[in-house]
Amino acid sequence: MISYDDIRQLQQYPSGPDSCILSLYVNIDQSNAANLNRGFITQVENLVRRMADDQGLSHREHFAAECERALAFLNDYSARGKGLVIFSDSKQDFWWQRDLQVEVPTGVRWSQMPWVRPLLELLEDHDTFAVVLTDKQRARVLTVDASGMEQHAEVLSDVPNKHATTGTDHIMSQTQMQRDHTEHVRAHVHRVIDELTNVVDRLNLARVVIGGPVEATSTLANELPKRLQQMVIGTIGVPLDANYERLSNELRKVQQQSEGEDEARMVESLITAAMKGDRAVLGIGETLSAIQQQRVYRLIVARDYRLAGKECNACHILVVDGEAQCSFCGGDLQPAPDLINRASHRVIEQAGKVQIVSGAAADKLAGSGVGAVLRF
């Protein structure tokens, strides 16, 4: 599983003016002809070669060593999904790698901090869900995210037939059999709820999807305690043994509808609060100022919003425009080509959250591109 805890771990990378880290995202999807016969390595080599030709590249020897380290790993790597992400800095004995079951655009970044924005976008697009697949006798409790599908529990219950069969009607009346069947089904459902609750609480999850035959999913949904009912964002009609590909496709439909509605409400609330001056701001200038004051609870960014700026190498303030020296401390201002990535890092370092929105929600932010909900 990939989570915000992983992002926070990456924030602990010991950055400094003399340190750099290689961030590498690789599309390894074997259904893409260009990736067959280890073609994805050629694409990385080409990107690395172009970066090495950049006259402005810093710490060239270190960069070459990290690229060699990553390429050596790729040469022995067996594709186990559709994407791969690597962060590497051998000087700090730092290596972070995850396999992904979703595609990512191949990209390389050489900078003082890990390039986490693509990872944040993946988290937003492929949030971790608890998925419970159930029928009247069997159930599976899973989590699904960008790194794949993991089963946490399986429930098997002995549920007697609902209708009498030849030779049994003299033992038990039809009404008694139906009543016995119903009681066993209800007992099965509550066993499933116990397992689901354990997974949700242990992993601190906030969304649940129910799958299986209509009658079974309806029974489970009705029996859920109110707290879990409020977490259910939809149901899917899949068999209990559905593979990751099918589950992902069905979950994507539920997730897109749910997240689209949530994001639209969030942005509408942000805009309203900002207009009232009620612990919210809009626009890059006011947002960067709030980040500097450590007031940001949630940074909200339109997916396609990109912006270059500068960062002070002394006080680390982020600015869109500026002279050679920082107006706050007099330190030197250095280019920050991906200002939003730096801002996202800063918010997560301050225990805030980053929300990347798309669709109708991003359209609402089009005039500003970015905003923030404030702590105070």
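Against the numbered list (1) outside any helix (DSSP H, G or I); (2) within 30 Å of residue 249 (Cβ to Cβ), residue 34 comes up short only at (1). Scanning region 267-281 for residues that are surrounded by 11 or more Cβ atoms within 10 Å (Cβ to Cβ), assigned to a helix (DSSP H, G or I) and not charged (D, E, K, R) returns 267, 269, 270, 271, 272, 273, 274. Here the condition is being modelled with pLDDT of 95 or more and in the same structural domain as residue 140 (by TED's automatic domain parsing); of 192, 267, it holds for 192 alone. Annotation note: Cβ proximity below 8 Å between a residue of region 321-349 that is assigned by TED's automatic domain parsing to the domain that holds residue 294 and a residue that is assigned to a helix (DSSP H, G or I) and β-branched (Val, Ile, Thr) (sequence gap 6+ or interchain) occurs for 339/284; 343/287; 343/291; 346/291; 347/291; 348/7. Where strands (runs of 3 or more DSSP E) fall wholly inside region 81-168, the ranges with 2 or more residues that are under 26 Å from the mean Cα position of the chain (by Cα) and surrounded by fewer than 19 Cβ atoms within 10 Å (Cβ to Cβ) are 94-100, 107-111, 148-156.
Within region 200-213, the set of residues being modelled with pLDDT of 95 or more, under 18 Å from residue 235 (Cα atoms) and either assigned to a helix (DSSP H, G or I) or aliphatic (A, V, I, L, M) (or both) comprises 200, 208, 209, 210.
Residues in region 233-263 that are surrounded by 17 or more Cβ atoms within 10 Å (Cβ to Cβ), of a type in the set (A, V, I, L, M, F, W, C) and not in a helix (DSSP H, G or I): 233, 236, 238, 242. A search for C-beta distances below 7 Å between a residue of region 57-86 that is within 30 Å of residue 145 (Cα to Cα) and modelled with pLDDT of 95 or more and any residue that is basic (Lys, Arg) and crowded, with 16+ Cβ neighbours inside 10 Å, counting only pairs 6+ apart in sequence or on different chains, returns 85/98. May I ask you to list the residues in region 46-79 that are of a type in the set (Lys, Arg) and surrounded by 13 or more Cβ atoms within 10 Å (Cβ to Cβ)? Passing the criteria: only 69. Among residues that are in the same structural domain as residue 137 (by TED's automatic domain parsing), assigned to a helix (DSSP H, G or I), of a type in the set (Gly, Ala, Ser) and modelled with pLDDT under 95, residue 216 is included.
Listed by position, the strands (runs of 3 or more DSSP E) enclosed by region 288-351 that each have at least 1 residues that are closer than 15 Å to residue 374 by Cα are 296-302.
The values are calculated or read from the model by the stated rules, or taken from the named source; none is laboratory data. This structure is a prediction, so every number in the text was calculated from the model and none was measured. Methodologically, a virtual Cβ is constructed for each residue, glycine included, from the backbone with ideal geometry; neighbour enumeration extends over all protein chains shown.
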